[in-house]
Amino acid sequence: MPRKETVLSVFVASPSDVTEERDKLEEVIRELNLSWSKNLGLRLELNRWETHTMPGRGLDAQDVINGQIDDYDVFIGLMWHRFGTPTGRYGSGTVEEFEIAKEKIEDPHKNIMFYFRSSPPTTMDEIDGDQLALVQKFRKSLGDEGTYYWPYRDTSAFEKFIRIHLTTLVQKWKINDEKSTNLSIARPLEDHPTKPLEEEIDDIEPGIFDILDEVEDKMQNSQDSLERSASYLSELSVKLNQHTDSINTISNGSQANTKEERRKLRRVISSTSSDMDQFSERFEAEIPIFRNNFNESIRLSTIAIELVSDLSTDEEYKNQLSEYISQIDEFVEIINGTCESALSFRDTISSLPRLTGEINKSKRRIVSAIDLFMVEMRSGANLAKEAASIFNK
């Protein structure tokens, strides 16, 4: 028997330098729809000029696009280092599409979400100073006019944030949908034929308990990795103190004026460098372990949150998820504490004297590893806060 589903139209606008993000957005929406369409009776439909326009005539090419992509519920804007091509009415097609979206924002059910990539281009040849200046000016104007935008580091970070933000958006739409039917387009299920029963049996989706168990496992893996990283920092700190004592004993407070003293010092320094390199190898190995497990736990938690929100009468599920959110808050505090220790250790390493090329190379590797670690930790903390905010709403 046919059933109705809510279809929310999403339009993405951007210059040509964020193609990866546009494709990733389509991938995320496709994945979310697999769950939402079946469990919530809701589906997102992504409108891109590449797939939702055709040749036509107008004032210019942008005018043709405007006429063919006119009605949508969500506007997603993306920018990096290119501003785009002027249309004759606005500085770029993306800005013109944004201005059109602002006119639609009078409808409280419409949403504008703008994202700016913060990482530098991969090569200097990609940088156009004039284009970059226009992007920076436009970004500042958004803040001045009251549009809250979101920065992200790279395509991977964008994928995580857009997944969480779309989940938040759908929660809000579900609440509004109970009060009004104007925002949805009801379409019969025949538009999306169901699978035969035998295919459905082979394609059973995991239940809420399955997801929560996996979330807990991934979070525990993340915490174990973080604890190992902290232990590596502590171990190397002890070893560095021991090496420092050895250096002081050999030099006896002098500048190692004799060749014999320098030879002994080189042995200690070589041992120090070896310990530093061993630390870097172990520390670097933990970064992807933490990132992959933590990101997966957050991704699964957004799915769990959405499923739990649909089980409005089952307090058992909600209580279990609430406990998980509390654990996230505690984990963020652990992340912050580890970051403080890592930064302090980084300063200590940076201040080591430049005695040999070997030790200098080891210093640079540790500093780079800690910098990458800090990026992942801060990104993880931000993701955790975003995921927790969905449940708290």
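No value in this document is a laboratory result; all are computed from the given coordinates. Since the structure is predicted, the reported quantities are computational estimates derived from the model, not experimental observations. Cβ coordinates were reconstructed from backbone atoms using ideal geometry, including for glycine residues, and neighbour counts include every protein chain displayed.
Points worth noting:
- Estimated FRET transfer efficiency (Q136, N336; beta-carbon r; R0 35 Å; 0.05): 0.70
- Additional length obtainable on full extension of the chain from R89 to R282, 0.36 nm per residue less Cα span: 63.9 nm
- Peptides ranked, highest mean first, by Cβ atoms within 10 Å: ranges 116-128, 74-86, 270-282: 74-86, 270-282, 116-128
- Potential lengthening between E26 and D217 on full extension [0.36 nm per residue; Cα-Cα distance subtracted]: 65.9 nm
- Pairwise FRET efficiency - R378 versus E323, Cβ, R0 = 25 Å, nearest 0.05: 0.50
- Of the cross-linked pairs K102/K137; K239/K363; K24/K160; K102/K140; K140/K160, those separated by over 20 Å at the C-alpha level are K140/K160.
- Environment charge of L240, counting only residues whose C-beta is closer than 14 Å and scoring Lys/Arg +1, Asp/Glu -1: -2
- A straight chain from Y149 to E50 at 0.36 nm per residue would run longer than the Cα-Cα distance by 33.2 nm.
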